[in-house]
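The values are calculated or read from the model by the stated rules, or taken from the named source; none is laboratory data. As the structure is a computational prediction, the values presented were derived from the model and not from experiment. Positions of Cβ are generated from backbone atoms using ideal geometry, with glycine treated the same way; all protein chains shown enter the neighbour counts.
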Amino acid sequence: MNKSYEVEYCNLDLRFDRRTIHNFIKSLIQEGYSLYWSENDAYFIVSIRAARRLVKLKFQRVGERFKMVGNYSFRDEKLVEIMERMIGATRGHAVVKRFRERQIVIENIMFGEIIRMVEISGVEHKVLFQREQNITLEDIAKAFRSKRAEERVPVLRLEIDYELATLSEAMAAGDEKAALEAKGRLEILRKEMLLLEA
């Protein structure tokens, strides 16, 4: 892999049970990684030696399950592949930044699927992919009823980030209709966030 290639994972929201973490550790060992793990009342931590660096993955205990927390940066191709499989398998949420020579590709992932992909080269940025998202009040009410607040808030933050990016693009392009629609969706999301944080 090109040494200038790096992948950064931010705003992670991946949920695991203990068995999934053990399978993850097993797959790392099978790939030949040197690692160790430790556990306390709050965290399960897996420390991996990769590309002459020590990477510590933190899994926060949430009841009987675990949630991956923190931001991580990898230059190791196999570790990137394992991380991507994990995001897909857990139907997790993340912002993935792929750094190459003078170029960044940013992927917004929700429920294990890419919803938006943007390429940045210097001062120019280009939307490579964007999935249409029509969030209705009924969808919000359904999500609110079916999920506990602590599970909904990280997803809601990603949705707000997505709408802010949409609004920014619409304003830069002078598209008043799209800007008004984005503002309307942001207002709905803002109200939901206020309800959840109350």
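Annotations for the structure displayed:
- Odd one out for Leu35, checked against (1) within 26 Å of Leu158 (Cβ to Cβ); (2) touching a strand residue (DSSP E or B) at 6+ places or on another chain (Cβ under 6 Å): (1)
- Pairs linking a residue in segment 94-105 that is under 15 Å from Glu124 (Cβ atoms) to a residue that is of a type in the set (A, V, I, L, M) and crowded, with 16+ Cβ neighbours inside 10 Å, with Cβ atoms under 8 Å and 6 or more positions apart or on different chains, are Val105/Met117; Val105/Val118.
- Some residue of segment 30-40 being of a type in the set (Phe, Trp, Tyr) and in a strand (DSSP E or B): yes
- Members of segment 70-124 found to be of a type in the set (Asp, Glu) and closer than 24 Å to Asn23 by Cβ, listed by number: Asp76, Glu77, Glu81, Glu84, Glu113
- Restricting Val46, Val95, Val62 to residues that are under 30 Å from Glu119 (Cα atoms) and in the same structural domain as Phe111 (by TED's automatic domain parsing) narrows the list to Val95.
Listed here are the residues, each with its yes/no results for (1) modelled with pLDDT under 85; (2) more than 16 Å from the chain's Cα centre (by Cα); (3) more than 16 Å from Leu14 (Cβ to Cβ).
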site: Phe59; (1), (2), (3): no, no, no
site: Tyr72; (1), (2), (3): no, no, no
site: Glu81; (1), (2), (3): no, no, no
site: Gly112; (1), (2), (3): no, no, no
site: Ser121; (1), (2), (3): no, yes, yes
site: Ile135; (1), (2), (3): yes, yes, yes
site: Ile140; (1), (2), (3): yes, yes, yes
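- Filter result for Glu39 (more than 24 Å from Met110 (Cα to Cα), at pLDDT 90 or above, not β-branched (Val, Ile, Thr) and not assigned by TED's automatic domain parsing to the domain that holds Tyr162): yes
- Of all residues in segment 35-56, none satisfies being in contact with a helix residue (DSSP H, G or I) (Cβ under 7 Å, 6 or more places away or on another chain), in contact (Cβ under 8 Å) with a residue 40 or more places away in the chain and at negative phi.
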